[in-house]
Protein chains: 2
Amino acid sequence: MANNITIVELAAALGLSKSTVSRAFRDSEDINPKTREKILQKANELGFSPNLYASNLRGNKSHTIAIIIPEFGNKFFSQAIKGIEWVARNNGYHVLIYVTDHSAEKEADIIRTLVNGRVDGVIMSGSGEGNNHEYLKLLQNNKVPLVFFDRYYEDVPTACITGNDFESSYQATKHLITNGAKRIAYLAVNKDVSIGKIRMEGYKKALEEAKLPINEQLILDTSNDVHVNYQDIKTLIQIQHPDAIFASVERLAMSTIRVARELHLTIPNDLKLICFSCLDIADMLQPSLSVVKQPAYEMGIQATSQLFDILCGRKPDGIRNLLFLDSELIFQHSSRKV
Amino acid sequence: MANNITIVELAAALGLSKSTVSRAFRDSEDINPKTREKILQKANELGFSPNLYASNLRGNKSHTIAIIIPEFGNKFFSQAIKGIEWVARNNGYHVLIYVTDHSAEKEADIIRTLVNGRVDGVIMSGSGEGNNHEYLKLLQNNKVPLVFFDRYYEDVPTACITGNDFESSYQATKHLITNGAKRIAYLAVNKDVSIGKIRMEGYKKALEEAKLPINEQLILDTSNDVHVNYQDIKTLIQIQHPDAIFASVERLAMSTIRVARELHLTIPNDLKLICFSCLDIADMLQPSLSVVKQPAYEMGIQATSQLFDILCGRKPDGIRNLLFLDSELIFQHSSRKV
């Protein structure tokens with residue numbers, strides 16, 4: 001392995017993002033053919049191969065990993081799974097997929113089915129429900145390493161690949177303030193889950209810095225029920241009259257756009273909007289949507305690489321190791337000054 | 001099992017769609033609480049349970065099924081997988097996921113890893129590449145049943161759950177003609193794959209019926225490379241000057257919107273557009289997008305039910321059994337008369 005390099009090192013050598021580099025190794029992906037050629041040449045030169053781990057993983061049993069996610073359907077999770085499946089397949093691994101519907105109970109049920117040798121490791125984005133994560137000890141006791149991506153539990157010492165959410169939430173909120181917003185509402189996905197809390201902290205920091213009051217009535221903790229969320233967002237807008245909304249997940253921004261339509265409010269004139277989203281058609285929406293775009297595909301790749309590093313014995317298991325990947329802020333019409 | 005009914009029978013008894021009914025059994029889904037209550041009551045009355053198959057599947061070995069799909073990232077596949085995972089989990093099954101990147105070679109490689117007892121059955125949407133499907137015999141020889149969804153191979157005798165694509169393509173094209181289009185281009189995903197061919201036949205039937213010429217230069221067979229497709233669509237528009245485009249998959253419509261922007265063409269004024277898409281935000285695009293919306297989630301549920309029927313011995317394996325689910329046609333601004 002001495003002569004082999006990781007995809008991170010290859011990307012650094014090329015001065016390209018890891019996601020661009022990883023795209024070059026897929027057959028028919030969204031990449032400029034010349035860029036692809038350049039990457040493949042450099043990879044050859046430096047000894048990178050997408051199946052870097054394969055020979056070192058042979059000692060493992062099931063050659064299977066599990067992905068556990070709270071929900072299925074948004075672009076973030078599908079891109080992340082795509083990345084995980086890609087690294088796994090290139091290294092001769094199989095990928096099981098489980099959806100918890102944000103339920104800690106289901107998450108625990110799933111974990112219990114995985115410790116009988118079914119999988120060598122688990123990659124999870126937490127359901128975010130409840131505070132008792134004792135069931136995760138089952139994994140540790142059975143020597144099944146766990147790597148979190150996006151939504152992690154602070155009390156569980158393991159590797160986590162997540163976005164630079166504090167910084168990007170701070171920047172997104174600051175951008176709304178710069179564009180004239182004074183009453184900015186924050187729509188939390190779940191204040192108890194890591195991303196819900198950290199994104200809110202970035203929001204609060206930007207308000208404090210601008211000497212704007214932090215008004216708890218402008219902070220809405222949402223549920224997983226779109227109907228309830230729709231009503232709650234509507235009530236928030238009607239009663240609190242925010243002039244901007246920062247949505248911590250995409251689906252809350254979509255509900256906001258629908259509520260605004262119903263209330264005949266124009267975005268961005270009456271209400272500015274920015275949200276976390278991996279939509280690649282945000283520019284085609286009416287109005288084009290300002291987004292904090294997480295590197296979801298890359299997050300999947302990094303999480304799987306971390307897991308394989310542990311399975312190969314390159315890295316220890318059971319140690320808190322937070323890795324932050326930068327999101328991209330794309331400012332479009334929905335948040336602009338009017 | 002005598003007193004048990006399937007989800008299809010339950011939906012029929014309620015006069016609701018299968019997808020609405022299945023939503024009621026998820027905890028926190030997009031469904032009106034009153035409708036949910038009504039469904040759960042009826043289910044109780046008639047003896048339906050989402051884990052209908054569980055007790056009859058105990059004899060099987062791995063309690064695992066595989067999903068093989070050509071690509072990952074559009075709403076159609078993520079919704080279908082969501083449906084598959086839901087039925088599987090409710091019946092104590094695990095789900096492996098594989099992406100072929102539209103490569104028949106990768107598809108064959110994956111199939112070869114599945115016949116050693118790793119899975120009890122396979123649910124697949126074909127890569128569409130090549131005509132030699134001999135490798136699928138491996139499944140049959142190893143008594144691993146295969147169910148297709150969406151993209152199937154005509155020469156493989158097995159159950160297929162697909163959309164009523166001929167009819168909906170015919171209706172979509174007819175709609176463009178009714179709204180004044182005379183030079184309608186068709187963007188095929190792949191003329192060799194079932195859905196590419198059948199959707200084109202619906203398009204041709206509508207042209208013939210309206211006594212419009214079938215112009216092969218208005219039919220574009222695309223690749224999986226977005227850059228190549230973008231250029232090809234641009235050339236098609238610049239040279240052939242179509243007044244409408246019918247895109248057989250969502251990503252081709254998105255490229256069309258971008259090309260139209262570059263060429264300063266307004267949709268629908270200069271160019272009408274309709275496409276197959278499961279986007280739930282088609283109405284939020286600029287202009288709102290007319291779509292043929294397949295029941296993807298339901299397709300996943302039906303495919304898994306079919307597979308479990310075979311695994312339970314309720315239905316025979318190795319017999320061609322095509323099941324068509326109706327798509328919904330949603331006409332919005334992108335295709336309207338100007």
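Nothing in this text is a laboratory measurement; each read-out follows from the coordinates by a stated rule. Values in this document were obtained by computation on a predicted structure and should not be read as measured data. Don't worry about glycine lacking a Cβ; one is built from the backbone with ideal geometry, like all the others, and counts go over all protein chains shown.
If you take every DSSP beta bridge whose two residues both sit in the protein assembly as shown, what share of them, in percent to the nearest 5, is antiparallel?
10 percent
To check you understand DSSP bridge types, tell me what percent of the beta bridges within chain B (both residues inside) are antiparallel, rounded to 5.
If I count the DSSP bridges inside chain B, around 10 percent turn out antiparallel.
Which chain A residue sits with its beta carbon nearest the axis carrying A onto B, and how many Å away is it, rounded to a whole number?
A:GLN286, 2
Within the set A:LYS75/B:LYS106; A:LYS18/B:LYS234; B:LYS174/B:LYS211, which residue pairs have Cα atoms separated by over 22 Å?
A:LYS75/B:LYS106; A:LYS18/B:LYS234
With a point put 7 Å past each Cα toward its Cβ, work out how far B:LYS182 is from B:GLU328 in nm, to one decimal.
3.5 nm
Treating the angle as unsigned and between 0 and 90°, give the value, to the nearest 10°, between the Cα long axis of helix B:194-209 and the longest Cα principal axis of chain B.
50 degrees
Report the gain in length on full extension from B:GLU201 to B:ARG314: 0.36 nm times residue separation, minus Cα-Cα distance, nm rounded to one decimal. Show your work: numbers first, answer last.
Numbers: separation 113, 0.36 × 113 = 40.68 nm, distance 3.43 nm.
Answer, rounded to one decimal: 37.2 nm.
Show the residues, 5+ positions off or on another chain, whose built amide H is closer than 5 Å to the amide H of A:LEU273.
Excluding prolines and chain starts, which carry no amide H, the hits are A:ILE245, A:SER335.
Separation between the A:LYS337 and B:SER49 pseudo-spin-labels, each 7 Å from Cα along Cα→Cβ, expressed in nm?
Between A:LYS337 and B:SER49, the simple spin-label model gives 6.3 nm.
At B:ARG183, label 7 Å along Cα→Cβ: distances to the other copies, nm, ascending?
Result, one decimal in nm: 5.3.
Relative contact order of chain A, please, whole-number percent, based on alpha carbon pairs below 8 angstrom and at least 6 residues apart.
Once normalised by length, the contact order is 19 percent.
How would you classify region A:7-50 from its alpha-carbon gyration tensor, with a ≥ b ≥ c the square roots of the eigenvalues: rounded for a/c under 1.5, else prolate if a/b is greater than b/c, otherwise oblate?
Note, shape of region A:7-50 comes out prolate.
Could you pull out the chymotrypsin sites (Phe, Trp or Tyr not before Pro) across region A:115-165 that fall in loop regions by DSSP (anything but H, G, I, E, B) with no more than 10 other Cβ atoms inside 10 Å?
In loop regions of region A:115-165 (DSSP not H, G, I, E or B), there are no sparsely surrounded chymotrypsin sites (Phe, Trp or Tyr not before Pro).
Please label the shape of region A:16-99 as rounded, prolate or oblate, based on the square roots a ≥ b ≥ c of the eigenvalues of the alpha-carbon gyration tensor (a/c under 1.5 means rounded; beyond that, a/b larger than b/c means prolate, else oblate).
Since a/c reaches 1.5 but b/c is at least a/b, the shape of region A:16-99 is classed as oblate.
Please state the shape class of region B:176-318: rounded when a/c is under 1.5, otherwise prolate if a/b exceeds b/c and oblate if not, all from the C-alpha gyration tensor.
Working: a/c = 2.12, a/b = 1.80, b/c = 1.18.
Judged from the Cα gyration tensor, region B:176-318 comes out prolate (a/c at least 1.5, a/b above b/c).
Taking the Cα centre as origin and putting +1 on Lys and Arg beta-carbons and -1 on Asp and Glu beta-carbons, what dipole magnitude results for chain B, to the nearest 20 debye?
560 debye
Label position 7 Å from Cα toward Cβ: report the copy-to-copy distances for A:GLN217 in nm, one decimal, ordered from shortest.
Ordered by increasing distance: 6.7 nm.
Mind checking Rg over Rh on the protein assembly as shown, alpha carbons, Kirkwood formula for Rh?
Looking at the protein assembly as shown, the ratio lands at 0.95.
Given the options A:LEU263, A:LEU329, A:SER62, identify the residue whose Cα lies farthest towards the positive end of the charge dipole of chain A (+1 on Cβ of Lys, Arg; -1 on Cβ of Asp, Glu).
A:LEU329
Going 7 Å from Cα along the Cα-Cβ axis for the label, what nanometre distances separate A:GLN286 from the same residue across the other copies?
0.9
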